[in-house]
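S.K.: Dropping the structure in here first, questions after.
Rule-based calculations on the coordinates, nothing more; no lab input. Computed from a predicted structure; not experimentally measured. Reconstructed Cβ throughout: ideal geometry from the backbone, glycine too, with neighbour counts over all protein chains shown.
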Amino acid sequence: NNKQITIIVKDSEAVYLRDEWLQFLSTILSACKLNISDVAIVNYTSTPVMLPVLNEQLKPTYFLLFDIAAQDIQLPFTVPNYQLQKFGNATFLLVPSLAMMQGNTEAVKMEKSRLWLSLKKMFNI
């Protein structure tokens, strides 16, 4: 968590994160000039945490929420997917499940493109 970035996912098939999702995250982080050591990854399915605990333990300035509703972690707002939202000392980005980012269909390419555009804004790339 060197860059104070917290990624929260829902993965019921793995304790932490399935390998193909981790590979995808590594790829997008690399495109953002980041790596896995720059982030904290939390699997909400095995560790359902709330915003106050996350802020206290991880002190993130950026949240990337995959398949997590704002209310799941006690955020007092809703926001459309791919729209950056500042709250407190952090910037939040809610996106669909990592499962929707797997493969090469046109729908997957569209999701990846929307994610990339939002990440470019988030990290000033």
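S.K.: Can you give the charge dipole size of region 5-122 about its Cα centre, rounded to the nearest 20 debye, using +1 on the beta carbon of Lys and Arg and -1 on the beta carbon of Asp and Glu?
M.R.: My answer is approximately 480 debye.
S.K.: Let me ask another. Along the charge dipole of the chain, pointing to its positive end and built from +1/-1 on Cβ of Lys, Arg, Asp and Glu, which listed residue (LEU93, MET122, GLN57) has its Cα farthest out?
M.R.: The residue sitting farthest along the positive end of the dipole is MET122.
S.K.: If you don't mind, there's one more thing I want to ask. Could you calculate the contour length gain from GLU56 to VAL79, that is, 0.36 nm times the residue separation minus the distance between their Cα atoms, to one decimal place in nm? Mind dumping the intermediate values first?
M.R.: Details: separation 23, 0.36 × 23 = 8.28 nm, distance 2.32 nm.
That works out to 6.0 nm of additional length.
S.K.: How do ASP11, ASP19 line up, fewest other C-beta atoms within 10 Å first?
M.R.: Numbers: ASP11 21, ASP19 8.
Exposure proxy ranking, most exposed first: ASP19, ASP11.
S.K.: Where both partners of a DSSP beta bridge lie in the chain, what percent of those bridges are antiparallel, to the nearest 5? Don't skip to the end; give the middle numbers.
M.R.: Values: 3 of 17 bridges.
Expressed as a percentage, antiparallel bridges in the chain total about 20.
S.K.: Mind grabbing the base-10 log of I(q)/I(0) for the chain at q = 0.20 Å⁻¹? Debye formula, identical points on the C-alpha positions, no solvent, two decimal places.
M.R.: Debye curve over Cα of the chain, log10 I(q)/I(0) at q = 0.20 Å⁻¹: -1.24.
S.K.: Follow-up. ³J(HN,Hα) across region 37-45 via Karplus (A = 6.51, B = -1.76, C = 1.60, θ = phi - 60°), whole Hz, x for Gly/Pro?
M.R.: 3J(HN,Hα) across region 37-45, in whole Hz: 5, 7, 10, 10, 10, 10, 8, 4, 4.
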